[in-house]
Structure formats: C-alpha cells, structure tokens
Amino acid sequence: MTTEDGRNGQEPDTPGNLADDASENDGTDALDAARDALRRARLSARDKGFRPGAPVRRRARKAGDLGTGRARDDGRDPGVLGDQLDKLLVDRGWQVDVAAGSVMGRWEEIVGPDVAAHARPVTFTDGVLTVRAESTAWATQLRLLSSTLLGKMEQAVGPDVVQELRVVGPNAPSWAKGPRKAHGGRGPRDTYG
C-alpha cells in the first residue's frame with residue numbers, strides 16, 4: 001500500500017528512523033546514499049513549507065542596500081590597510097612627521113654608506129634636519145654637499161619635507177665649567193678635529 005508521501009507503508013522520516021536508514025544502508029553503494037539524502041532533503045523542505053514549482057519569495061531590500069557586493073561608503077566595510085593608514089596620516093596631519101622618520105630610519109640608504117659612516121641625523125624640527133658630523137672636516141664637507149643631500153632626500157620622501165639641512169660639528173667637552181675655568185677669558189677654542 002502506498003501512502004500519501006509515496007512511501008510503501010513506511011513511517012515518515014523522523015530523526016530516529018533516519019538513523020535506522022543509515023545503519024541499514026551501510027552496505028549500499030554511493031548512488032543509493034545520494035538518493036536517500038535527496039529524499040530526506042525534499043521531505044525536510046516540504047515540512048518547512050517549500051513546494052516544488054512555487055515562486056521564490058524574496059525579501060524586500062532596504063533603500064540604502066546596494067546589493068551589488070561592493071563596499072559601501074558609510075565606513076562600515078573594511079578597507080585596504082594601506083589606504084586606511086594613508087587616510088589616517090592625512091586626517092591627523094602626520095605625513096611630514098612620518099616622512100621625517102623615514103629619513104632618520106633610512107639615513108644610510110638615502111645618503112650612502114660613506115656619508116652615513118661619518119654623520120648621523122639628530123633632530124627634525126619644522127622642516128629642518130640637524131645632522132651631527134664626527135669631525136669639523138666632515139661638517140664642512142656636509143655643508144658643501146647639502147644641496148646634493150637635500151635632492152636625495154626629496155627623491156626618497158617627497159618634496160617639501162626636508163627644507164633645510166643644518167650641520168653641526170662633533171660634541172666637544174665644555175671648558176666653560178669646572179674648577180679650572182679662566183674668568184674673563186675669551187672662551188673655548190676649537191682644539192679638536
């Protein structure tokens with residue numbers, strides 16, 4: 001006798017009966033297992049109210065929903081990290097500071113190993129990069145090379161970041177303080193380098 005759902009006198013599929021079917025079908029081939037899975041899926045869909053040939057119900061879209069899979073401009077979708085960092089730098093006004101940090105960090109790469117071996121950047125303030133040379137001779141050499149070095153920095157980090165290069169000589173001990181200071185003297189002299 002055939003029942004309403006097309007089965008031959010069997011009980012409708014319930015979780016307990018499905019487990020029994022699986023244990024009985026252990027010896028069957030893959031095609032029978034696929035047919036059983038399809039039958040169970042159809043029964044489950046029928047129980048949920050889906051009927052073959054019935055029109056598909058689509059939910060109405062909201063006015064702001066693009067539905068194209070593209071990112072929205074409302075700031076909720078993630079963006080590319082590099083683009084987000086660039087936007088943050090512009091919003092906060094940090095571009096010059098980051099570029100100056102790049103000059104300080106890439107000093108040897110920008111100016112070359114010869115200059116980097118004898119001079120190092122010390123500070124960057126308001127477009128002025130202060131560089132300390134290891135001797136007065138190298139300080140003089142860097143002053144002569146300042147336009148070339150500024151050109152290299154402009155190529156590396158962009159225009160108008162480093163506007164001026166201030167070169168200072170080596171740190172000499174201070175003779176202006178201490179127990180043997182000469183009062184009324186003419187001050188310390190360049191005795192080094």
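The values are calculated or read from the model by the stated rules, or taken from the named source; none is laboratory data. What you are looking at is a predicted structure, and each value in this text was computed from that prediction instead of being measured. In this analysis, Cβ positions are derived from the backbone assuming ideal geometry, glycine residues included, and neighbour counts consider all displayed protein chains.
Observations, loosely collected:
- Filter result for R132 (over 18 Å from W94 (Cα atoms), over 27 Å from the mean Cα position of the chain (by Cα) and part of a helix (DSSP H, G or I)): no
- Filtered residues of the stretch 141-193 (kept if at pLDDT 90 or above and of a type in the set (A, V, I, L, M, F, W, C)): L142, L144, L145, L149, L150, L165, V167, V168
- When V122 is tested against the conditions (1) modelled with pLDDT of 90 or more; (2) out of contact with any Asp or Glu (no Cβ under 8 Å at 6 or more places or on another chain); (3) under 15 Å from A156 (Cβ atoms), the lone failure is (3).
- Taking every residue in the stretch 87-112 that is over 17 Å from T148 (Cβ atoms) and pairing it with any residue that is not in a helix (DSSP H, G or I), at least 6 positions away or on another chain, the pairs with Cβ-Cβ distances below 6 Å are V96/V161; A99/V161; A100/F124; M104/P121.
- Any hit, the stretch 129-141, residues being more than 28 Å from L85 (Cβ to Cβ) and loosely packed, with under 14 Cβ neighbours inside 10 Å: yes
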